[in-house]
Protein chains: 2
Amino acid sequence: MSKYIESEVVVNVISIHNKIQKRIGGALSAHGIGLTEYLVLNQLYNTPTQKMRRSDLAERIGLSPSGVTRLINPMEKIGLVAKEDNPRDARVSLVTLSAAGKQVYEEAQVTFAYASVALFEPFEINQLSAFSELLKVVS
Amino acid sequence: MSKYIESEVVVNVISIHNKIQKRIGGALSAHGIGLTEYLVLNQLYNTPTQKMRRSDLAERIGLSPSGVTRLINPMEKIGLVAKEDNPRDARVSLVTLSAAGKQVYEEAQVTFAYASVALFEPFEINQLSAFSELLKVVS
DNA sequence: GCGACATGTTTGAGTAAGCAAGCATATAGA
DNA sequence: TCTATATGCTTGCTTACTCAAACATGTCGC
């Protein structure tokens with residue numbers, strides 16, 4: 001098909017990303033959130049303080065700053081996250097995980113894990129670990 | 001971070017897909033096409049007849065049928081592909097790769113390969129092959 | 001302490017897609 | 001042969017983003 005194995009890998013990653021989007025995104029809709037919103041909750045949950053600057057969040061989940069603004073506003077309205085000011089720097093706006101957000105995340109995490117396992121069903125743990133390490137380096 | 005390795009893999013795939021989108025998509029813009037358009041050309045190029053039904057194309061590149069319509073129309077206008085009727089069935093509309101489209105693809109393929117290699121720079125061929133096989137199965 | 005540049009966020013306008021509905025054609029059953 | 005249903009594509013409307021510009025605040029050199 002292609003001269004370089006790397007090109008092939010890229011095409012395959014795109015393809016699997018489509019499936020992730022459809023299957024996992026679909027599964028998460030049961031919790032009233034989309035895949036990108038899940039990633040936000042995931043980041044906040046796994047941050048010691050459970051709060052983060054909008055631009056850092058953008059960086060972490062691969063969104064533009066304006067994308068974060070538009071994503072977070074509705075999440076704030078339904079109470080999953082809250083806005084907080086940084087007393088040291090009035091430019092920044094911290095996003096914090098609310099109790100409700102935490103709960104939704106913990107529930108959604110289970111769904112996410114199930115759907116992920118289903119997707120990678122045919123593989124062994126050690127294959128997946130190797131895979132994961134590889135991806136982490138590229139990221 | 002997460003209880004299941006599979007969840008971790010999914011998050012990492014999403015993350016690398018962001019990079020693919022940005023780096024490879026950016027690189028392809030030098031040829032006047034985006035990543036999705038590249039995938040269309042790639043499919044057509046690698047099909048024996050170099051023509052394909054719109055719905056099959058949609059399936060192959062993970063787009064909805066309407067997405068294909070909206071993607072192909074401009075490509076047809078600039079002459080990368082052409083529309084062809086199926087004499088056996090007037091419902092279907094075949095997409096064919098034009099000579100110009102073929103040329104653009106062959107040039108873009110080089111860019112795509114370079115960018116892909118750059119992305120996976122730190123890895124060995126055999127790691128990547130294993131990786132690629134794994135992805136192919138999931139796909 | 002003030003001007004110039006740097007950083008963080010939001011807003012306005014545009015783009016790429018999805019879903020659901022519509023339209024055209026094909027096929028199968030009575 | 002007509003009617004019902006299935007299939008393929010496109011269109012209208014909505015959503016999730018992006019980029020560039022605007023705006024607000026912070027910092028540095030003098």
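The values are calculated or read from the model by the stated rules, or taken from the named source; none is laboratory data. Please read all numbers here as calculations on a predicted model, not as lab measurements. Cβ coordinates were reconstructed from backbone atoms using ideal geometry, including for glycine residues, and neighbour counts include every protein chain displayed. Just the protein is used for accessible areas: all its heavy atoms, side chains included, with ligands, DNA and RNA removed. Shrake-Rupley method; radii C 1.70, N 1.55, O 1.52, S 1.80 Å.
Structural remarks
- Restricting region B:56-69 to residues that are β-branched (Val, Ile, Thr) and near DNA strand D (Cβ under 8 Å from one of its atoms), the residue that is farthest from residue B:83 (Cα to Cα): B:68
- Conditions (1) open to solvent by less than 30 Å² (accessible area, probe 1.4 Å); (2) hydrophobic (A, V, I, L, M, F, W, C); (3) touching a Lys or Arg at 6+ places or on another chain (Cβ under 9 Å); number of the one not met by residue B:131: (3)
- Candidate set: region A:74-103, residues that are near DNA strand D (Cβ under 10 Å from one of its atoms) and open to solvent by less than 80 Å² (accessible area, probe 1.4 Å); chosen: the one nearest to the other protein chains (Cβ to nearest Cβ): A:74
- Test for residue B:6: is it more than 7 Å from chain A (Cβ to nearest Cβ) and out of contact with any Pro (no Cβ under 6 Å at 6 or more places or on another chain): no
- The listed residue being within 14 Å of DNA strand C (Cβ to nearest atom), of a type outside the set (Ser, Thr, Tyr) and over 14 Å from the mean Cα position of the chain (by Cα), out of A:82, A:58: A:82
- Failed item, numbered, when residue A:113 is tested on (1) within 13 Å of chain B (Cβ to nearest Cβ); (2) free of Cβ contacts under 8 Å to residues at least 60 places away in the same chain; (3) touching a strand residue (DSSP E or B) at 6+ places or on another chain (Cβ under 8 Å): (3)
- Residue within region B:15-34 that is within 14 Å of chain A (Cβ to nearest Cβ) and loosely packed, with under 12 Cβ neighbours inside 10 Å present: no
- Of the listed requirements (1) within 8 Å of DNA strand D (Cβ to nearest atom); (2) within 14 Å of chain A (Cβ to nearest Cβ), residue B:53 misses just one: (2).
- Scoring residue B:109 on the criteria (1) over 19 Å from residue A:15 (Cβ atoms); (2) under 13 Å from the mean Cα position of the chain (by Cα) leaves a single failure, condition (1).
- Against the conditions (1) within 17 Å of residue B:97 (Cβ to Cβ); (2) within 11 Å of chain A (Cβ to nearest Cβ); (3) open to solvent by 20 Å² or more (accessible area, probe 1.4 Å); (4) touching a residue at least 12 places away in the same chain (Cβ under 8 Å), residue B:46 satisfies every one except (4).
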